[in-house]
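Just so it is clear, none of the values below were taken in a lab; they were calculated from the coordinates. Being a predicted model, the structure only gives us computed values, none of them experimental. With ideal geometry, Cβ positions are generated from the backbone for all residues, glycine too; neighbour counts draw on all protein chains shown.
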Amino acid sequence: MQKIKGFLYIGLVGLISVAATPSYAEVGVTDSTITFGSVLALKGKAQGLGQGMRQGMEAAVKGKQIKGRTVQFLFENDFYEPPKAIEGTKKLVQKGIFLMIGNVGTPTAKVTLPILAENNVPAVGFFTGAGLLRPAPGPVANYRASYIQETAAVIDAAIANGLKPAQVCAYLQNDSYGMAGLAGVKLAMQRANASQDTLAAYDKILNMSGDSPPRNNVGPVGVYKRNTTKVIPGYQSLKNWEKKTGNQCKLVVSVGAYGNIAHFVRNANVKNKEGWIVSAVSFTGADNFRGDLKKYKATDRIIMTQVVPLLDSQLPIVQEAKKELGKNFGFVSLEGYIVGKMIHKILNDIPGELTRANFLEQVKKSNFDLGGIKIDFTKDGNQGSNMVIPSYLTASGYKEIDSGAWQKMLQ
């Protein structure tokens, strides 16, 4: 009799345990919530980027549900430094997130993607156009165009408007982010029939390994150390190249963060009167970059590629984001908003249960209009948008560049 009672007791406990278990067994999903993680710079020298992405993503899903579930964000600050990014990623994976969304940066992505891949956590809408996410270890879904596409848009247009390949220089962050940009510069310069010496110099720089190797004084390239405002060594590298070759920099393609690039422009064009056209990729952070340049009185001859519509666009998605974000509306927060809206739609479009496998299948067949922005994963499977808008800085903000603006800057 005791055995029967014991059996009944164990059976009853088992039934209660099963009843108390959420019907969804996928990590990060309960009957009432779905949990997203994000590791980004919320403090430090690149905090404008991290805060912008956070504000945009949160605004995109505020008051909205995914298949009847509230979205819960878990954020970790990494100061835009790889060791902190590793720490934050492991913490969020351990807490149990459905996916990682909107992380900021290439050097941080480089060290965290393997961790996410090992745990089968999708990496979605990261704020980087680096090739290491195209393709990438593990499941990745990018919103934005690549740095190769961004740098090509500027260099191709400059060459088409009369710039000579020997007049193109580069100023880069000395890490995987900067080198992702240089890879794009190299491809564009190959198409422009740049000299073999220049292409060989690119290869030598790209093939260097280690943490911040000595990449200055190798070719028409200057570099700086991440999260610093030290610009003189990189600037001097370009001047040494000019002196050595007799060529003159006319366009400097920069791939860095807003604080340093703005200091570089001030040093080159305000202090030393170089008159260089300086281009920047979208990651630089258009709004913070503009603010710093205005402070330094260095706003002339600035080009930026954008991977979202310009802020004065009348597209529905832009007007919606402007209303929802209010004073926080800007280029970076707009990208965060688009990423949030994109993932919200893809997840709600899943015909079955909310699982990572079903999400990734839905990504591959997603092809839709997001308030005027074309999102299409059916051709690539890894990247939803190819939008690149070359713009130039004016007194009233960034405007789309045309041949007339190019000719005026190239005079």
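General remarks:
- In terms of other Cβ atoms within 10 Å, Ser209, Ser391 run from fewest to most in the order Ser209, Ser391.
- In terms of surrounding Cβ atoms within a 10 Å radius of their Cβ, Ser282, Ser396 rank from fewest to most as Ser396, Ser282.
- Seen against the Cα atoms of the chain and their longest principal axis, helix 47-61 is set at about 40 degrees.
- Which of Leu116, Leu347, Leu360 has the fewest Cβ neighbours within 10 Å, and the rest in rising order: Leu360, Leu347, Leu116
- Just checking the listed ones, Asn247, Asn142, Asn217: in the Gaussian network model of the chain with Cα springs under 10 Å, the one fluctuating most is Asn247.
- Highest GNM mean-square fluctuation among Gln72, Gln55, Gln196, for the chain modelled with Cα contacts below 10 Å: Gln196.
- Build a GNM of the chain with springs between Cα atoms under 10 Å apart, and of Leu182, Leu251, Leu393 the one that fluctuates most is Leu393.
- Between Gln190 and Gln411, the distance separating the two model label sites (each 7 Å from Cα on the Cα→Cβ line) works out to 3.7 nm.
- Neighbour cut-off at most 14 other Cβ (10 Å), DSSP loop, trypsin sites (Lys or Arg not before Pro), segment 282-387: Lys297, Lys365, Lys379
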